[in-house]
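This report concerns only the one structure given below.
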């Protein structure tokens, strides 16, 4: 009987911890990865449609920008507003395209848009604060 009581208490404690963690808005690793993928895909869709290329530094900054947004969403009750976050990352990507530099690329001299760190910072400066990223 004592063994069953201890097992029941342990189960109750585990369930309580699970409810508290879920209630505080903490996300599992898988849901954080999913949120990151959703936001990254939304930005990439806009950038690819415009024919924009990001430098390595700008790509790293965009990844950090999105990760900051995922951290903010994770810390909020219920995981935050993913729809608003998606709309805002699309808005940010459109601003990157708007501010991007035109350049010729390749032997066919196809005009491409280049998003470098300067362009990234200009877009961030013009839009922040922008929930949940900055």
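Laboratory data are not the source of any read-out in this text; all were calculated from the coordinates shown. Since the model is a prediction, treat every value here as computed from it, not as a measurement. Here the Cβ positions follow ideal geometry from the backbone for every residue, glycine too, while neighbour counts run over all protein chains shown.
FRET efficiency for the pair residue 28 and residue 56, taken as 1/(1 + (r/R0)^6) with r the Cβ-Cβ distance and R0 = 25 Å, rounds to 0.25. Each label was represented as a point 7 Å from its Cα along the Cα-to-Cβ direction; for residue 90 and residue 37 these points are 2.0 nm apart. Overall size of segment 28-127 from C-alpha positions, given as principal axis extents largest first: 50, 26, 21 Å. Using the Cβ-Cβ distance between residue 122 and residue 77 with R0 = 41 Å, the FRET efficiency computed as 1/(1 + (r/R0)^6) comes to roughly 0.75. Shown for 120, 65: other C-beta atoms within 10 Å of each C-beta, ranked fewest to most, produce the order 65, 120. The gain in end-to-end length when the residue 48 to residue 64 segment is fully stretched comes to 3.8 nm, 0.36 nm per residue minus the alpha carbon separation.
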